[in-house]
Amino acid sequence: MSEIQRDDKSQNQRAEGMEASEQSSSSLIQALRRHPWIIVFNVMCLAIGLFLALEHLPTEWSLLRRLTAGALSGISIGLVITANRMLGAWR
């Protein structure tokens, strides 16, 4: 294989890889636009987790630690509840 053919082949492979990544990101955005209630539900779970963390976690913990724990628990619960819908929507 000549040098020019190898360069053309590598450029084609890079272009195909870029197209695939653009398609996957655009399909993700399209899936989110089709199901906005999933996003709203997950944001609500995040907000509720933050609120409950501030109210119920020990005050000895720093504010950042309580907010992080609340955010992680809230979004985790939201993702667990909507996982079945998200997997079905993005296939």
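The values are calculated or read from the model by the stated rules, or taken from the named source; none is laboratory data. These numbers come from a predicted model, not from an experiment. Positions of Cβ are backbone-derived with ideal geometry, glycine not excepted, and every protein chain shown enters the neighbour counts.
Could you list all residues from region 43-75 that are of a type outside the set (A, V, I, L, M) and in contact (Cβ under 8 Å) with a residue 24 or more places away in the chain?
The initial filter retains those residues of region 43-75 that are of a type outside the set (A, V, I, L, M), namely 45, 49, 51, 55-56, 58-62, 65-66, 68, 70, 73-74.
Those that are of a type outside the set (A, V, I, L, M) and in contact (Cβ under 8 Å) with a residue 24 or more places away in the chain: 45, 49, 73, 74.
Of all residues being touching a helix residue (DSSP H, G or I) at 6+ places or on another chain (Cβ under 7 Å) and surrounded by fewer than 16 Cβ atoms within 10 Å (Cβ to Cβ) in region 76-85, which is modelled with the highest pLDDT? Just the residue, please. Reasoning before the result, please.
Pass one, region 76-85, residues touching a helix residue (DSSP H, G or I) at 6+ places or on another chain (Cβ under 7 Å): 77-79, 82, 85.
Within this subset, residues satisfying the condition of being surrounded by fewer than 16 Cβ atoms within 10 Å (Cβ to Cβ) are 77, 79, 85.
Working: 77: 95, 79: 89, 85: 77.
Result: 77.
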